[in-house]
1. Does Gln344 satisfy being modelled with pLDDT of 85 or more and not aromatic (Phe, Trp, Tyr)?
2. Could you run through the stretch 315-341 and say how many residues are farther than 19 Å from Asn134 by Cα and at pLDDT 70 or above?
3. Test Ile31 against the criterion of being in a strand (DSSP E or B) and under 30 Å from Leu130 (Cα atoms), and give yes or no.
4. From Arg127, Arg108, Arg209, Arg171, which residue is open to solvent by 70 Å² or more (accessible area, probe 1.4 Å), part of a helix (DSSP H, G or I) and modelled with pLDDT under 90?
5. Scan the stretch 153-168 for residues that are open to solvent by 30 Å² or more (accessible area, probe 1.4 Å) and of a type outside the set (Ser, Thr, Tyr) and report the count.
6. Residue check, Leu66 against (1) part of a strand (DSSP E or B); (2) touching a Ser or Thr at 6+ places or on another chain (Cβ under 9 Å), all met but one. Which one?
7. Among Val283, Val277, which is closer than 28 Å to Lys353 by Cα, under 16 Å from the mean Cα position of the chain (by Cα) and outside any helix (DSSP H, G or I)?
8. Which residue pairs have Cβ atoms under 8 Å apart, sit 6 or more places apart or on different chains, and have a first residue in the stretch 253-273 that is of a type in the set (Ser, Thr, Tyr) and a second that is not in a helix (DSSP H, G or I)?
Amino acid sequence: MNAVGIDVSKGKSMVAILRPYGEIVSPPFEIKHTSGNIQSLIKQIKSIEGESRIVMEHTGRYYEPLARELSQAGLFVTAVNPKLIKDFGDNSLRKVKSDKADSVKIARYTLDSWTNLKQYSLMDEIRNQLKTMNRQFGFYMKHKTAMKNNFIGILDQTYPGVNTYFDSPARDDGSQKWVDFATTYWHVDCVRKMSLNAFINHYQKWCKRKKYNFSKAKAEEIYGAAKELVPVLPKDDLTKLILRQAAEQLNSASKIVEELRTLMNETAAKLPEYPVVMEMKGVGPSLGPQLMAEIGDVTRFTHKGAITAFAGVDPGVNESGTHVQKSVPASKRGSSVLRKSLFQVMDALIKTKPQDDPVYMFMDKKRAQGKPYYVYMTAGANKFLRIYYGRVKEYLMSLPE
């Protein structure tokens, strides 16, 4: 048993190799993340007699090149959650934090968890791609929200309330009806300076050109409201330029978001659990890939409580002696991105109200008991994750190796 512990950092790593009972095969040494250095490490590990297992922390993107090269060389490689390494016993009163000490600690963890380690595989690469896309999706969603608020803030000075006229979802190219309308009719005078019939004809031609549905009643409503509005900024070229720039920024962010949404769904479809996840209530082509990206491979969790702890929706425990606290908040020690996706699924369940779904019925029961919003939402997320774990793991176990 050769335990290879690798403490990964940007561009370099510290490696230590141990055997049981504290036998040191190789004291900590540094390698660069270059092709030559990695190949030398592979040769060194293969030259050691016995079975070797390599463990490194799942730290951002830094570990991926090393894990990929070592795995392709036929070595047993696994990446574990850094918190597992952090919580692993130090057996010392001295607090030592260095790359050398960390690599030795990872090697000792490897020996202790030898039988529970899971091989890094091609599916892990696909999951990493999906997770990267999901983080990019979240980044651009925040950017889109900021651009949207900026655009509305400017419109409130030229055409107040124009963003409330339409609620159509974004198209595949990222365009939205209210944004296109506000770009064309960017000032209230663009509407009310025309007669009612002239505006209706102009709006109808605009809908036909942009391929939106036309409603005469909606046109009359917009025209009537425009008569009562009071703009702040004048209708001139400078104001128009400011609005066009804001609209272009919003459309650009929206386009990237929709492209990522489509790409994530296509990538998630390559994973074996995709059909099982997509059948679950509250999960669609957007939230399904997000859940799969953040949860990853469920087979690495030993039981249902492990996956709820990973998401941070497990109930906390606070007791000592005779003291037992009855109301304890959720731990929130896991992935905040996963918790956000779970809350969005719970929100979808509350809006759609599927009467045959056990998660919705459970949340509805909690609401009827007068539980606060965050209590029944967190409880619903916990129950959903347990069902997700059971269904997906059972399906994966039934597949051929």
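1. On the way: modelled with pLDDT of 85 or more: yes; not aromatic (Phe, Trp, Tyr): yes.
For Gln344, the condition - modelled with pLDDT of 85 or more and not aromatic (Phe, Trp, Tyr) - is met.
2. We begin by selecting, within the stretch 315-341, every residue farther than 19 Å from Asn134 by Cα; these are 315-333.
Then drop every residue that is not at pLDDT 70 or above, which leaves 315, 333.
Matching residues across the stretch 315-341 total 2.
3. Values: in a strand (DSSP E or B): yes; under 30 Å from Leu130 (Cα atoms): yes.
Against the criterion (in a strand (DSSP E or B) and under 30 Å from Leu130 (Cα atoms)), Ile31 qualifies.
4. On the way: Arg127 fails: open to solvent by 70 Å² or more (accessible area, probe 1.4 Å); Arg209 fails: modelled with pLDDT under 90; Arg171 fails: part of a helix (DSSP H, G or I).
Matching residue, one of Arg127, Arg108, Arg209, Arg171: Arg108.
5. Counting residues in the stretch 153-168 that are open to solvent by 30 Å² or more (accessible area, probe 1.4 Å) and of a type outside the set (Ser, Thr, Tyr) gives 6.
6. Looking at each condition in turn, Leu66 falls short on (1).
7. Values: Val277 fails: outside any helix (DSSP H, G or I).
The conditions single out Val283.
8. The qualifying pairs are Ser254/Ala170; Ser254/Gly174; Ser254/Ser175; Ser254/Gln176; Thr262/Asp172.
The values are calculated or read from the model by the stated rules, or taken from the named source; none is laboratory data. Only a predicted model underlies this, so the values are computations on that prediction, with no experimental measurement involved. Heads up, the Cβs are rebuilt from the backbone with ideal geometry, glycines too, and the neighbour counts pull from every protein chain shown. The area values use the complete protein model at the heavy-atom level, side chains included, leaving out ligands, DNA and RNA. Shrake-Rupley method; radii C 1.70, N 1.55, O 1.52, S 1.80 Å.
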